[in-house]
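The values are calculated or read from the model by the stated rules, or taken from the named source; none is laboratory data. Please read these numbers as outputs of a predicted model, since none were measured by experiment. Backbone-built Cβ (ideal geometry, glycine too); neighbour counts: all protein chains shown. To get the accessible areas, we keep the full protein, side chains included, count just its heavy atoms, and leave off ligands, DNA and RNA. Shrake-Rupley method; radii C 1.70, N 1.55, O 1.52, S 1.80 Å.
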Amino acid sequence: VSQSRYDPELLERESIVDLKKSKLKKKLLQGLYKGGNYTIAQLAKFLHTSVPSVTALVEELIDEKWVIEMGIADVQLGRKPLLYSLNPKDRYILALDITTYYSKAAIINLQNRVIEMQDIHSVLEDDPSFCQNLLHGIDAFLVQSGINTSQLIGVTVGMPGLINPKNGLNY
């Protein structure tokens, strides 16, 4: 076993590199989510980093099924570059709209398109059974939509009411 593998300075340097890479990946994913399709050159400009670095990041994200090739960009001169976008399959966001009159659930893909939407038979009320009814409705919706909870990367909830900032309770 090499002594350099356990060198604290080397380990710290590797962790800093991993941290920078992770931040770049996150920023790249955010850019694709907000902006749609981009070429490698556009992503490099957006991230303020080199084309080879962005190419490596995009290849990793393709392997991890976060990013897909969308086809060829329409440009006037030169070689036509590939466009990249977030993968609209495999990862989703669950959006809940809960009011005193109705509740709705929606599945949204990473290209910000609603895949499935359904009313949930649970309305906002000050009753302990509300949460249980809501969870049963969400479970039934996910089963009906064919989406597994492991495919959900986020949940967003919209509810009326004032929030106590100290304890996070919705009045």
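Some notes on this structure:
- The listed residue being surrounded by 11 or more Cβ atoms within 10 Å (Cβ to Cβ), modelled with pLDDT of 85 or more, under 30 Å from Lys65 (Cα atoms) and touching a helix residue (DSSP H, G or I) at 6+ places or on another chain (Cβ under 8 Å), out of Ile107, Ile147, Ile120: Ile107
- Scanning the stretch 150-164 for residues that are farther than 14 Å from Tyr92 by Cα and either open to solvent by less than 40 Å² (accessible area, probe 1.4 Å) or among the hydroxyl-bearing types (Ser, Thr, Tyr) (or both) yields a total of 2.
- Restricting the stretch 31-51 to residues that are more than 19 Å from the chain's Cα centre (by Cα) and either charged (D, E, K, R) or surrounded by 14 or more Cβ atoms within 10 Å (Cβ to Cβ) (or both), the residue that is nearest to Leu82 (Cα to Cα): Thr39
- Here the stretch 123-132 is the region considered, the condition is being outside any loop (DSSP other than H, G, I, E, B) and closer than 14 Å to Thr99 by Cα, and the residue that is most open to solvent (accessible area, probe 1.4 Å) is Cys131.
- Verdict on Pro88 being within 24 Å of Leu29 (Cβ to Cβ) and at pLDDT below 90: no
- Selection from the stretch 75-111 of residues that are under 12 Å from the mean Cα position of the chain (by Cα) and assigned to a strand (DSSP E or B): Leu86, Tyr92, Ile93, Leu94, Ile108, Asn109
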